[in-house]
Amino acid sequence: MQLPPLVEASATLSASEISRYSRHLLLPEIGLEGQQRLKHSRVLVIGAGGLGSPTLLYLAAAGVGTLGIIDFDVVDDSNLQRQVIHRLAEIGQLKTQSAKRTLQALNPHIQINLHNERLDNDNAVALFSNYDLMLDGTDNFATRYLVNDACVLARKPYVWGSIYRFEGQASVFWEQAPSGGINYRDLYPEPPPAHLAPSCSEGGVLGVLCASIGAIMATEAIKLITGIGNSLLGRLAVYDALEMSYRFLPLRPAPQRQPITALLDYQHLCGLGSTAPPASVPSLDAHALQALRLSKQPLQLIDVREKNEWDILHIPQAQLIPMQQMLSGAHTAQLSPDAEIVVYCKAGSRSRTVVQALAEQGLRNVRSLEGGVLAWAAAYAPTLPAY
């Protein structure tokens, strides 16, 4: 669907900028007017991580005049496999500051606004109102619904992308589009259960997949700003890196869709910390587990991660039974009624889900390891690799 340009062609290009952007100016579809629109535009990128990295680099290179970045996280060594805007020397520093240094070195002609904060109900609508277009590269459903609803309330369009393992998705959402609007709730009317929506830190992701989806997102942003080509509004792009295939699926407004009139409790919406606090799940910390391992008390230690995670790091004497198998009930008979049963995962989220399910089945001798295998390794095996 082709849309009119988002911004006016009211910026003036310097001789240096004309030289820099000459390959754009040679394209009749963009030309001088399109490049002026790019310079006059204000784009907010939500998250300077896997998808934010390539989109920020390409939008800066393309000459988007004002780039905003909102992120509260710091650079970690596990980010560098896919978050190409950051460098080894910037581990421990704010991602926004790290990204700004890279972008300034790439293009000194642009303005970069940093928002070193968590996006939430208190700041989202006001922040979005200051930009022409948002790009959502976040990795959790609670923030995605917040971005969608805040964009609807601010009457702003946004480009959305998502990655998981070897597959990525992208689309454009704009409730108030001149030719009829679509929003994220038309694609996902309800969030999936929390245990079925793992993050990249739990499920993994092919690093270069970020470039593929990030390039689509940056392309859509440039097209929306300049008003060229057909946007992804009303379509969902699905990319499978293993099959090297693209599919484009039509999107329509969901039947009986409720109007968005206010922001919600998105943690509650996505089932995160809303029904039962973590303390309601029986648990123990790494020190208590170690004492239990060294005692003569019967212990059954269950690792509910995947085999590839087990191969990186696991606790000796543990038994590997992935979470979905545990939740299916297929292995319940293997649990010893006479032993202390401790369930662990990477950091505690999956194990709490499993323990909660087992408790609902009536098992009372089951506990979750707080902080998961990472907490145990930090305390008792610090030379082992983390991930």
For Lys95, list the aspartates and glutamates whose Cα falls under 17 Å from its own Cα; do not include residues on the same chain fewer than 8 positions away. Asp71, Asp73, Asp76, Asp77, Glu117, Asp136, Asp139
Sequence-distant residues sharing a close amide H with Leu232 (under 5 Å, placed H): Val172
Taking trypsin sites (Lys or Arg not before Pro) that fall in a DSSP loop and have at most 10 other Cβ atoms within 10 Å as cut points, what is the longest piece of the chain between them? 1-295
Compute the Cα gyration tensor for segment 278-322, then decide on rounded, prolate or oblate, letting a ≥ b ≥ c be the square roots of its eigenvalues: rounded whenever a/c is under 1.5, prolate when a/b is larger than b/c in the other cases, and oblate in all that remain. oblate
Once amide hydrogens are built 1.01 Å from N within the peptide plane, the residues lying 5 or more places from Val343 or on another chain with amide H under 5 Å from its amide H are Ile302, Arg367, Ser368, Leu369
Lysines near Lys346 by alpha-carbon distance under 21 Å, same-chain residues fewer than 8 away left out - which ones? Lys307
To the nearest 10 square angstrom, how much accessible area does Ser336 have with a 1.4 angstrom probe? 40
Treating only the Cβ atoms of Lys and Arg (+1) and Asp and Glu (-1) as charged, compute the dipole magnitude of segment 281-379 about its Cα centre; round to the nearest 20 debye. 60
From most to least accessible, 1.4 Å probe, no ligand or DNA/RNA atoms counted, Leu249, Leu57, Leu284 line up as Leu249, Leu57, Leu284
Which value, in Å² and to the nearest 10, is the accessible area of Cys270 when all protein chains are kept and the probe is 1.4 Å? 10
Candidates per GluC sites (Glu not before Pro) in segment 18-107, loop by DSSP, up to 13 other Cβ within 10 Å: Glu29
Just how much of Asp265 is accessible, in Å², when a 1.4 Å probe is used and the result is rounded to the nearest 10? 100
Rounded, prolate or oblate (a/c below 1.5 giving rounded, otherwise prolate when a/b exceeds b/c) for the chain by Cα gyration tensor: prolate
What is the magnitude of the charge dipole of the chain about its Cα centre, with +1 placed on the Cβ of each Lys and Arg, -1 on the Cβ of each Asp and Glu, and no other charges, expressed in debye to the nearest 20? 380
Can you classify segment 195-259 as rounded, prolate or oblate using the Cα gyration tensor, where a ≥ b ≥ c are the square roots of its eigenvalues, rounded means a/c under 1.5, and otherwise it's prolate if a/b beats b/c and oblate if not? oblate
Calculated from backbone phi, Karplus (6.51, -1.76, 1.60) coupling profile of segment 147-163 in Hz, x at Gly/Pro: 4, 4, 5, 5, 5, 4, 5, 7, 6, 10, x, 8, 9, 10, x, 8, 9
Proximal lysines relative to Lys100, as straight alpha-carbon distance under 26 Å, when same-chain residues fewer than 8 apart are discounted: Lys39, Lys156, Lys223
Exposure ranking of Ser22, Ser171, Ser129 by accessible area [1.4 Å probe, largest first]: Ser129, Ser22, Ser171
Taking the Cα atoms of segment 251-387 alone, what are Rg (to one decimal) and Dmax (as a whole number) in Å? 17.9, 61
The answer for the chain, accessible area per residue at 1.4 Å probe in Å², is 46
In sequence order, what are the phi-derived ³J(HN,Hα) couplings for segment 303-316 according to the Karplus relation 6.51 cos²θ - 1.76 cosθ + 1.60 with θ = phi - 60°, rounded to whole Hz, with x for glycine and proline? 9, 9, 7, 8, 4, 5, 6, 4, 5, 6, 6, 7, 8, x
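The values are calculated or read from the model by the stated rules, or taken from the named source; none is laboratory data. Values in this document were obtained by computation on a predicted structure and should not be read as measured data. As a convention, Cβ positions derive from the backbone with ideal geometry for all residues, glycine included, and neighbour counts pool all protein chains shown. Side chains included, ligands, DNA and RNA excluded: accessible areas come from the protein's heavy atoms. Shrake-Rupley method; radii C 1.70, N 1.55, O 1.52, S 1.80 Å.
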